[in-house]
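Engineer: First the structure, which I've put down as structure tokens, then a few questions once you've had a look.
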Amino acid sequence: MNMKIKVPATTANLGPGFDTIGLALDLWNETDIKPSNDFSIHVTGEGAGRLARGRNNLIVRAAQKLADHIGMTLPAFHADCVNQIPLSSGLGSSAAAIMTGLLAGNTLLKSPLSNGEILNLAANMEGHADNVSAALMGGLVVSMMDDGKVIARQIPTEVDFHVTVALPDFHISTKDARASLPRKVSMKNAVYNISRTVLVTEAFRRGDLSLLGEAMRDKLHQPYRLKLIPGAQAAMDAAKDAGAGAVALSGAGPSVIAFSSKAEAGIDESMKRAFQKAGLAIRIFKLGISGQGAEIQRL
Ligand code: HSE
């Protein structure tokens, strides 16, 4: 069975909602899957020449994980990937690959698993549920994990915020960025984040950029991570000075994400200058929010 799978980029945390909130963005990885004698991957766009071309590729590993989970044999396939999501950027490229592989495996095996079961496998592979939930469901998604099971809900939103992402030429793995976080947090900081997380979702629900600006602040992860990414704090401050209503580190970084009511021309330039001052070149992505999540088209 031939199919095309489309999965959107995602930004996680949105400031205070660490490992809890994800938002799908209008930037997509598209993968054509067709049965083949052996597992092979061809990549065009982001990750071309860098991603594994055989069984070690994350798409194949995810499909294999699903087959193992249900005790079935995975039929070999060729995947032709056209990738727009930059690797190791904080824009959910691994979540997209995992979701692509799980959806491909499930479809090739005649859909034994529900979307909820696919989400459980995805979150267990990724270690947190925020990116994979938004990648599957689209829009703004709040998720929790309980004993390996994910409960996730899309929050209906009223937004047409413009999104500017600045991706510096700086490598930090999610694993290292997570290792920099403290094992324990204070009650005061927990309350700081819980209250703001709820208000971030309310700001999206109402399209209230000024509330988003108040609420998109964090004391649990950004202070530690920003120290590791040269220019990132300055870029966040500069984006706000240039008219962004709210800013955050995108996922574990290194990208910085800014929300504005219109595509303010100065936001990208100001972030660029801040990162350049710290010696880093950047790429800018001007994006919209995607209400649509992952899609499978049978070809
Ligand atoms: N919630 C995860 C983290 C997202 O902040 O580590 C990683 O993209």
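The values are calculated or read from the model by the stated rules, or taken from the named source; none is laboratory data. Note that the structure is a prediction, hence the values are computed from the model and not measured. No Cβ is skipped: glycine too gets one built from the backbone with ideal geometry, and neighbour counts run over all protein chains shown.
Engineer: Against the definition (within 15 Å of the ligand (Cβ to nearest atom), polar (S, T, N, Q) and out of contact with any Ser or Thr (no Cβ under 7 Å at 6 or more places or on another chain)), how does SER94 come out, yes or no?
Structural biologist: Yes: the conditions hold for SER94.
Engineer: Anything in segment 145-186 that is within 16 Å of the ligand (Cβ to nearest atom), in contact (Cβ under 8 Å) with a residue 60 or more places away in the chain and loosely packed, with under 15 Cβ neighbours inside 10 Å? List them, or say none.
Structural biologist: HIS171, SER173
Engineer: Shifting gears a bit: All but one of (1) out of contact with any Leu (no Cβ under 9 Å at 6 or more places or on another chain); (2) within 16 Å of the ligand (Cβ to nearest atom) hold for LYS110, so report the exception by its number.
Structural biologist: Every condition holds for LYS110 apart from (2).
Engineer: For segment 116-125, state whether one or more residues are surrounded by fewer than 20 Cβ atoms within 10 Å (Cβ to Cβ) and either in the same structural domain as ILE282 (by TED's automatic domain parsing) or assigned to a loop (DSSP other than H, G, I, E, B) (or both).
Structural biologist: no
Engineer: Within segment 37-50, identify whether any single residue is crowded, with 23+ Cβ neighbours inside 10 Å and away from the ligand (no atom under 15 Å from the Cβ), and answer yes or no.
Structural biologist: Within segment 37-50, none of the residues are crowded, with 23+ Cβ neighbours inside 10 Å and away from the ligand (no atom under 15 Å from the Cβ).
Engineer: Just name the residue that is nearest to the ligand (Cβ to nearest atom) out of those in segment 63-89 that are touching a Leu at 6+ places or on another chain (Cβ under 7 Å) and closer than 22 Å to LEU23 by Cα.
Structural biologist: Within segment 63-89, the match that is nearest to the ligand (Cβ to nearest atom) is SER89.
Engineer: Also: ASN189 fails exactly one of the following numbered conditions: (1) of a type in the set (S, T, N, Q); (2) in contact with a Ser or Thr (Cβ under 9 Å, 6 or more places away or on another chain); (3) at pLDDT 95 or above. What is the number of that condition?
Structural biologist: All conditions are met except number (2).
Engineer: When only residues in segment 249-265 that are hydrophobic (A, V, I, L, M, F, W, C) and over 12 Å from the mean Cα position of the chain (by Cα) count, which is nearest to the ligand (Cβ to nearest atom)?
Structural biologist: The residue in question is VAL256.
Engineer: Considering only residues that are among the charged types (D, E, K, R) and under 23 Å from the mean Cα position of the chain (by Cα), which ones fall in segment 173-197?
Structural biologist: Hits for segment 173-197 are LYS175, ASP176, ARG178, ARG196.
Engineer: Condition first: touching a Gly at 6+ places or on another chain (Cβ under 8 Å), assigned to a loop (DSSP other than H, G, I, E, B) and not acidic (Asp, Glu). Now tell me which residues in segment 157-183 satisfy that.
Structural biologist: Passing the criteria: THR157, VAL159, PHE161, ILE172.
Engineer: Are any residues in segment 127-144 within 13 Å of the ligand (Cβ to nearest atom) and buried (at least 21 other Cβ atoms within 10 Å of the Cβ), and if so, which ones?
Structural biologist: Result: HIS128, ALA129, ASP130, ASN131, VAL132, SER133, ALA134, ALA135, VAL141, VAL142, SER143.
Engineer: Scan segment 211-252 for residues that are closer than 17 Å to PRO182 by Cβ and not aliphatic (A, V, I, L, M) and jot them down.
Structural biologist: Once the filter is applied, which keeps residues that are closer than 17 Å to PRO182 by Cβ and not aliphatic (A, V, I, L, M), segment 211-252 yields ASP218, LYS219, HIS221, GLN222, PRO223, TYR224, ARG225, LYS227.
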